[in-house]
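Just so you know, all these numbers are worked out from the coordinates, no wet-lab data involved. Since the structure is predicted, the reported quantities are computational estimates derived from the model, not experimental observations. Every residue, glycine among them, receives a Cβ derived from its backbone with ideal geometry; neighbour counts consider all protein chains shown.
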Amino acid sequence: MEFRPIPCHESLRPFIRNYWIINAQGTARGTQTVFSNGAGSLHFYLSQAVAVNDSKTLHRTMLYHQEMNSVGVVTEEGPVVIFGVEFVPFCSRMFFKTAFVGEFQTPEELHDEEFTQMCSNVHEAADLDARVALLDEFFLKRLTEIPANDVNMDRLKDVFDEIVPTDGTVACPPGSKEEFSTSDLASTACLSQKQFTRVFNKYVGMNPKTYLRLLRFHKALMELQQSPQESLTDVAWRCGYYDLPHMTTDFKDICGFSPSQLISTGAGLTETFGPNFSGLMKKKIKLENWV
């Protein structure tokens, strides 16, 4: 399997982390489990249509939202080529004209003719360069339609720069080993907790407490991958969980697997973008029957 991140146009980089492409070979029918990272993403399944979450309906393009739950994508034996867009967590909604509903939507469900046509053009494009150009053109046009000097966008950028550093580490409040709280983030944004929660929900699609829960999960996941022989209880304590059962419950709720199950399949985990683009919050896919 080959994964390659692809930079977007420089004007889009405050809003889109990167484009990316995966080339793999399916050795048999399998389900790829995509873990949430709190950021919306757009996937073009170039080589074959896929079913999502046990649905019998096949899709070629899916817009995944910032949901806590994992999503199961069924692929068949044969070539697997996925071209994708990974948004900055608080920016995906600004590019679309209709409300997000549920875990994922097709272009047709968004009732956005311009977006639907762009997706069709991406599938019909002759090569990767042409696909990148189509995405850049679409998102740059949408960028001109977004109100300038959005103060809440600036506030959220400050918040995410603090809690998701680009060096791949896990952030904690200065001078403390405890995890961030909603009040910490509201203070960074210079808003009351009530105001901050309203703004965060509007832009990110989940409340700050839920996002911090997701951040803690990714912190633990990273540590388990780096030190698979370490005591799970020690990892739980260090990552801010009350105890190991609490961490196990969180893992099952978010990704559908216990910590020990993920350790046993560690070789089957991959990133859809790397630290130079994303910092800690890397989307994870548990691979099944891909090489």
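General remarks:
- Calculated Rg and Dmax of segment 1-113 using C-alpha coordinates, Å: 14.0, 41
- Relative intensity, log₁₀ I(q)/I(0), of the chain from a Debye sum that treats every alpha carbon as a point, q = 0.12, 0.13 Å⁻¹: -0.78, -0.93
- Alpha-carbon Rg/Rh ratio, for segment 151-259, with Rh computed the Kirkwood way: 0.99
- Value of [θ]222 nm, deg cm²/dmol, for the chain, DSSP H segments ≥ 4, -39500 (n - 2.57) each, nearest 500: -11500 deg cm²/dmol
- For Asn149, net neighbour charge (Lys/Arg +1, Asp/Glu -1) across residues whose Cβ lies under 14 Å away: 0
- Among the listed pairs Lys97/Lys157; Lys97/Lys252; Lys56/Lys202; Lys209/Lys252; Lys157/Lys202, those whose Cα-Cα separation exceeds 26 Å are Lys97/Lys252; Lys56/Lys202.
- In the chain, the sites counted are trypsin sites (Lys or Arg not before Pro) in DSSP loop states with at most 15 other Cβ atoms within 10 Å, and the longest stretch holding none of them, exclusive of the sites, is 178-291.
- Net charge of the neighbourhood of Phe95, taken over other residues with C-beta under 12 Å away and scored Lys/Arg +1, Asp/Glu -1, is +1.
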